[in-house]
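The structure under discussion appears below in the form of structure tokens.
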Amino acid sequence: MKLILLGAPGAGKGTQAEVISQHLNIPTISTGNIIREALKSGTEMGMKAKEYMDSGKLVPDDVVIGIIKDRLAQDDCSNGFILDGFPRTIPQAEALDRMGIVIDKVIDIEVADETIARRVSGRRVCPACGASYHVDYKRPAVEGVCDKCGDTLVQRKDDHPDTVRERLHVYHEQTEPLKSYYAAQGKLTIVEGQEEVADTTRLTLAAVEA
Ligand code: AMP
């Protein structure tokens, strides 16, 4: 199955993507994680992306389209994949269509902006493996330590309040129009994000199975 997860930054796409990935045994492809990896390795692409990312802006379409094209050509994508954080603009969605990739379903996780601002400020991530936690909703077994690889958890620079406001603005302006784009193709299912992650997961899996 080829799935897209839509939703504002901090709506919980990453967490839901992980669950679906295990459930269907297909990889999650997060452009945000790929860009952060490139930044960590000091590649030219990573360096170029840094200023956009740090200020809450979108990285230019041609850069992320190139990233996705390379990633989807890899063997582990042959049985399907989950796109988390791509596409984020109409030109990105059009590029996916032009690549001949037929998406089966688009699941949009809806969460109010105020809830997002609260959630994102409590988010902590593992700089080594990209796993995501929350100080209230998804705590690691040992505080401040990644369950998966044992590295020390950090707050993402772009999760600071001012940057989050900018990211939400960018989301409403550039990414939200994708809902109409995929609704017009009859592919969109909206999942209302719940207070409890497990409840959102139940609704998301039902949408995947529908
Ligand atoms: P994320 O981890 O998905 O929230 O992405 C973090 C940041 O990476 C975003 O705020 C953008 O600066 C950049 N980014 C990730 N995916 C995309 C995309 N599809 N288009 C443009 N920029 C992206």
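Each residue in segment 187-210 was checked for being part of a helix (DSSP H, G or I) and either open to solvent by 50 Å² or more (accessible area, probe 1.4 Å) or touching a His at 6+ places or on another chain (Cβ under 9 Å) (or both), and 9 pass. LYS69 - would you say it is over 20 Å from LEU24 (Cβ atoms) and either within 13 Å of the ligand (Cβ to nearest atom) or aliphatic (A, V, I, L, M) (or both)? For LYS69, the condition - over 20 Å from LEU24 (Cβ atoms) and either within 13 Å of the ligand (Cβ to nearest atom) or aliphatic (A, V, I, L, M) (or both) - is met. Among the residues of segment 15-26, those identified as over 22 Å from VAL120 (Cβ atoms), free of Cβ contacts under 8 Å to residues at least 60 places away in the same chain and open to solvent by 50 Å² or more (accessible area, probe 1.4 Å) are GLN22, ASN25.
Just one of (1) open to solvent by 80 Å² or more (accessible area, probe 1.4 Å); (2) within 12 Å of the ligand (Cβ to nearest atom); (3) outside any loop (DSSP other than H, G, I, E, B); (4) closer than 21 Å to VAL125 by Cα fails for LYS57. It is (3). For segment 69-76, the criterion of a residue being touching a helix residue (DSSP H, G or I) at 6+ places or on another chain (Cβ under 7 Å) and surrounded by fewer than 18 Cβ atoms within 10 Å (Cβ to Cβ) is satisfied by no position.
Touching a helix residue (DSSP H, G or I) at 6+ places or on another chain (Cβ under 6 Å) and surrounded by 12 or more Cβ atoms within 10 Å (Cβ to Cβ): which single residue out of LYS138, LYS157 fits that description?
LYS157
Against the test of being surrounded by 16 or more Cβ atoms within 10 Å (Cβ to Cβ) and modelled with pLDDT of 90 or more, the options VAL102, VAL120, VAL64 yield a single qualifying residue, VAL64.
PRO140 satisfies every condition listed in (1) within 16 Å of VAL19 (Cβ to Cβ); (2) in a loop (DSSP other than H, G, I, E, B) except (1). Picking from residues in segment 27-54 that are surrounded by 14 or more Cβ atoms within 10 Å (Cβ to Cβ) and among the polar types (S, T, N, Q), the one that is nearest to the ligand (Cβ to nearest atom) is THR31.
Restricting segment 144-186 to residues that are assigned to a strand (DSSP E or B) and over 15 Å from VAL120 (Cα atoms), the residue that is nearest to the ligand (Cβ to nearest atom) is THR152.
The values are calculated or read from the model by the stated rules, or taken from the named source; none is laboratory data. Nothing here was measured: the structure is a model prediction, and the numbers come from that model. Don't worry about glycine lacking a Cβ; one is built from the backbone with ideal geometry, like all the others, and counts go over all protein chains shown. Just so you know, the surface numbers come from the protein's heavy atoms only, side chains and all, with ligands and any DNA or RNA stripped out. Shrake-Rupley method; radii C 1.70, N 1.55, O 1.52, S 1.80 Å.
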